[in-house]
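Bear in mind these aren't lab numbers, they're just calculated from the coordinates by the rules spelled out. The model shown is predicted, which means the values in this text are computed figures rather than measured ones. Glycine also receives a Cβ, built like all others from the backbone with ideal geometry; neighbour counts cover every protein chain displayed.
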């Protein structure tokens, strides 16, 4: 695969002699089958060479997203220091994405279990009620689940003052029947007509 992409002997030998050459060539071949342009494959091959040098891939250990992020930060800072990039942002993003895709292709990406969301059992009970009692579609239920999980997110509520600006309002059709009787709410004065 490398001989199709690189014509200069020094660039070709650098790609062939670097660690995990066969794995990198297999990944590039898969990307070529998916329809990637030759210029994109050259850029990807160069980035994979950097990833092999930045990450410790000598043993068969799983690589964590934190290790990928640290390697991407090192590479992006180096690119900026050498005046090859004005900002470190795009170098970091491309390096992180490439490493993640390649390690997932190799089966060496460690993906930690997601932390359980607060009130997950209540949201699940709520979703089951929407499906079985109200007969709502799965898309509508997924929409409600997204809103309930993001509306109660501690990061969103505390970081930007979201809960103060937009207090949680529960629509009337979600309240139990006793809450919909039309009786005046004890915390608010009754409306005048």
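Points to keep in mind about this one:
- Calculated over the stretch 1-78, the projected area of the Cα convex hull averaged across directions stands at 5.7 nm².
- Taking 0.36 nm per residue of separation and subtracting the Cα-Cα distance, full extension of the segment from residue 66 to residue 17 would add 14.9 nm.
- The stretch between residue 136 and residue 78 holds 15.6 nm of extra length on full extension. This uses 0.36 nm per residue minus the Cα-Cα distance.
- Ranked packing of 57-70, 114-127, most packed first, by mean Cβ within 10 Å: 57-70, 114-127
- Fully extended contour minus Cα-Cα distance, from residue 90 to residue 128, at 0.36 nm per residue: 9.4 nm
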